[in-house]
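In what follows, a single structure is set out as structure tokens and then discussed.
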Amino acid sequence: MDYFVVLLLFGLAIGLVSSALWISFLLAPRNPGGIKNEPYECGEQTIGSSWVHFNVGYYLFALIFLIFDVEAAFLFPWAVVFREVGFVAFIEAGLFILVLLTGLAYAWKKGVLEWV
Amino acid sequence: MNILDLLSIPILNISSSGWETITIAQRAADALSGNSIELTIFFLILCILITVSMLAGLGMVLIYAERKIAGHFQCRLGPMRVGWHGTLQAFADVLKLLLKEDLVPARADKLLHLGAPFLSILATVLGLAIIPMSPSIQVIDVNIGVVYVTAITGLGVLGALIAGWSSNNKWSLLGAMRAGAQLISYELSATLGILVIVLFAGSLQLSEIIQSQAEGWWIWRAHIVGIIAFFIFLIASTAELNRTPFDLPEGESELTGGFHTEYSGLRFAFFFLSEFVNMFVASALVVTLFFGGWMPFHIGNWEAFNSIMDLIPPAIWFAGKSAFFIFLLMWFRWTFPRMRIDQLMRLEWKILLPIGFANIFLASLVILTKFHF
């Protein structure tokens with residue numbers, strides 16, 4: 001039932017936003033065209049498209065994030081059963097995190113974490 | 001069950017023994033197994049009504065509160081004109097935004113530009129549904145509670161990224177990239193903060209996390225570890241909310257509006273609404289994980305004091321605690337200056353993340369040695 005309600009609320013959110021946008025569509029004035037539809041750059045003429053190459057730093061951070069996020073997915077079930085499993089769980093997760101932290105230390109050493 | 005039984009739903013549950021959570025979705029399931037289709041539909045509609053009224057009501061109240069608090073922090077009065085002390089200001093704002101022209105830049109990706117506000121609101125609505133406001137006011141209570149919350153936060157990141165990218169505007173692109181980098185980075189720390197509480201509570205379900213705090217809130221019982229986790233989680237959720245000092249994705253003095261520069265009218269209003277209501281969701285999570293959710297404040301076995309505290313309904317406890325954290329977030333905004341992107345990344349990857357891991361290690365040691373209250 002819980003997930004059915006999630007589905008219901010999913011539909012609700014979509015319906016809410018689309019109906020509000022529809023009301024606004026009916027009420028609001030529409031007068032597009034000309035310079036109004038240009039991208040806003042504080043009065044400057046836009047040069048070229050904005051879909052350009054961007055700083056590779058974002059990509060590197062996303063890569064490191066991916067590793068640690070998967071790790072978090074592993075740690076959630078570990079945390080739930082930790083009290084029952086006890087010391088063995090502690091050692092295993094410790095080794096697991098140690099391996100990952102070595103990776104983080106390597107990235108740190110290589111200067112990936114420096115913002116340029 | 002007839003309509004009289006419906007009216008006796010214990011909305012303000014005051015008895016200290018009756019703290020079992022019954023979610024609205026659970027009631028609907030019960031009604032369905034009791035072959036009462038009308039009652040099932042009634043509870044499903046109640047689910048929708050609670051979520052919608054929370055969304056709209058909180059949006060209105062928080063926007064008014066933010067402007068009023070901002071005003072008083074700067075020795076201004078804030079909104080005063082519409083209604084008594086500007087109380088109707090939020091309604092006027094909504095009406096204004098409703099009547100504004102919906103501009104879409106000519107070079108934008110029209111479909112994605114339209115879709116982004118949907119994603120933001122979706123993340124907010126689904127986040128609102130899981131918040132336990134009192135034993136009887138909780139829409140859903142999935143057994144993977146905190147994982148669900150983390151997953152929903154991911155949707156919000158997508159909203160900001162898509163909004164910025166689809167606008168085909170340089171400010172928007174910069175804002176979106178910053179939003180992406182910032183939100184995913186701080187999600188890690190938020191997860192590490194949550195993990196400490198999951199370790200102590202031994203459950204992912206939000207209602208069970210609250211039940212585990214009947215003897216005392218985790219911020220107190222998990223002492224040092226809990227307090228470190230609390231600060232990590234608070235900082236990380238401030239960053240995930242794009243609030244000052246972490247409001248780089250929209251930093252208005254450098255990027256005009258950041259990822260929503262090209263949004264106007266209601267589409268802009270939806271980003272704004274989701275940002276404000278997310279503030280409530282984050283505060284509610286802080287309260288649920290560290291401050292006992294709707295649990296009353298108890299001191300040891302001081303029975304007289306405890307029974308007086310029990311007289312205050314859980315819903316009021318919850319509202320009071322979350323109102324405090326919302327106020328704290330607004331306070332941050334007028335206290336800290338905005339960070340630079342390199343400082344932001346350094347704070348997360350070189351300070352918060354190592355501390356977070358060390359804290360997990362410490363927390364598991366604390367549990368192994370049973371060195372907690």
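Annotations for the structure displayed:
- For region A:1-49, a tally of residues being in contact with a Ser or Thr (Cβ under 7 Å, 6 or more places away or on another chain) and hydroxyl-bearing (Ser, Thr, Tyr) returns 1.
- Any hit, region B:198-218, residues being within 19 Å of the chain's Cα centre (by Cα), in a helix (DSSP H, G or I), more than 9 Å from chain A (Cβ to nearest Cβ) and charged (D, E, K, R): yes
- Criterion applied to B:VAL61, B:VAL52 was being under 23 Å from B:TYR148 (Cβ atoms), without any contact (Cβ under 8 Å) to a residue 60 or more places away in the chain, surrounded by fewer than 17 Cβ atoms within 10 Å (Cβ to Cβ) and β-branched (Val, Ile, Thr), and the one residue passing it is B:VAL52.
- One residue stands out among those in region B:100-125 that are open to solvent by 50 Å² or more (accessible area, probe 1.4 Å) and more than 7 Å from chain A (Cβ to nearest Cβ): the one that is nearest to B:SER53 (Cα to Cα), which is B:LEU114.
- Criterion: in contact with a Gly (Cβ under 6 Å, 6 or more places away or on another chain), open to solvent by less than 10 Å² (accessible area, probe 1.4 Å) and within 10 Å of chain A (Cβ to nearest Cβ) - qualifying residue of B:ALA229, B:ALA176: B:ALA176
- With respect to the conditions (1) charged (D, E, K, R); (2) assigned to a loop (DSSP other than H, G, I, E, B); (3) more than 7 Å from chain B (Cβ to nearest Cβ), A:GLU71 lacks only one, and its number is (2).
- Among the residues of region B:181-222, those that are surrounded by fewer than 24 Cβ atoms within 10 Å (Cβ to Cβ), touching a helix residue (DSSP H, G or I) at 6+ places or on another chain (Cβ under 7 Å) and small (Gly, Ala, Ser) comprise B:ALA201, B:GLY202, B:SER203, B:SER212.
- All positions within region B:278-299 that are among the β-branched types (Val, Ile, Thr) and either buried (at least 24 other Cβ atoms within 10 Å of the Cβ) or closer than 12 Å to B:LEU234 by Cα (or both): B:VAL281, B:VAL286, B:VAL287, B:THR288
- For region B:70-80, the set of residues classified as open to solvent by less than 40 Å² (accessible area, probe 1.4 Å) and touching a helix residue (DSSP H, G or I) at 6+ places or on another chain (Cβ under 8 Å) consists of B:ALA70, B:GLY78, B:PRO79, listed by residue number.
- Within region A:4-32, no residue that is more than 7 Å from chain B (Cβ to nearest Cβ) and farther than 23 Å from B:VAL142 by Cα sits with its Cβ atom under 6 Å from a residue that is open to solvent by 70 Å² or more (accessible area, probe 1.4 Å) and not in a helix (DSSP H, G or I) at 6+ positions apart or across chains.
- Selected residue (only one of B:ILE316, B:ILE341, B:ILE367 is farther than 21 Å from A:GLU71 by Cβ and either of a type in the set (Ser, Thr, Tyr) or open to solvent by less than 40 Å² (accessible area, probe 1.4 Å) (or both)): B:ILE341
- Among (1) at the interface with chain B (Cβ under 7 Å from one of its Cβ atoms); (2) under 24 Å from the mean Cα position of the chain (by Cα); (3) open to solvent by less than 30 Å² (accessible area, probe 1.4 Å) - the single one A:GLY57 does not satisfy: (1)
- Boolean, B:THR87 is crowded, with 17+ Cβ neighbours inside 10 Å and modelled with pLDDT of 85 or more: no
- Region A:71-91, residues that are open to solvent by 80 Å² or more (accessible area, probe 1.4 Å) and either under 18 Å from B:GLY154 (Cα atoms) or not hydrophobic (A, V, I, L, M, F, W, C) (or both): A:PHE74, A:ARG83, A:GLU84
- In region A:39-54, residue nearest to the other protein chains (Cβ to nearest Cβ) [restricted to those that are open to solvent by less than 80 Å² (accessible area, probe 1.4 Å) and not hydroxyl-bearing (Ser, Thr, Tyr)]: A:PRO39
- Residue-level check: of (1) within 14 Å of another protein chain (Cβ to nearest Cβ); (2) touching a residue at least 24 places away in the same chain (Cβ under 8 Å), B:ALA282 misses just (1).
- Here A:LEU113 fulfils each of the conditions (1) at the interface with another protein chain (Cβ under 7 Å from one of its Cβ atoms); (2) in contact with a Gly (Cβ under 7 Å, 6 or more places away or on another chain) apart from (2).
- The listed residue being assigned to a loop (DSSP other than H, G, I, E, B) and out of contact with any strand residue (DSSP E or B) (no Cβ under 7 Å at 6 or more places or on another chain), out of A:ILE47, A:ILE97: A:ILE47
- Unique residue being modelled with pLDDT of 85 or more, aliphatic (A, V, I, L, M) and under 18 Å from B:LEU62 (Cβ atoms) when the list is B:ALA358, B:ALA323: B:ALA323
The values are calculated or read from the model by the stated rules, or taken from the named source; none is laboratory data. Just so it is clear, the model here is predicted, and its values are computed rather than measured. Cβ: placed from backbone, ideal geometry, glycine included. Neighbour counts: every protein chain shown. Surface accessibility is based on the protein's heavy atoms, side chains included, excluding ligands, DNA and RNA. Shrake-Rupley method; radii C 1.70, N 1.55, O 1.52, S 1.80 Å.
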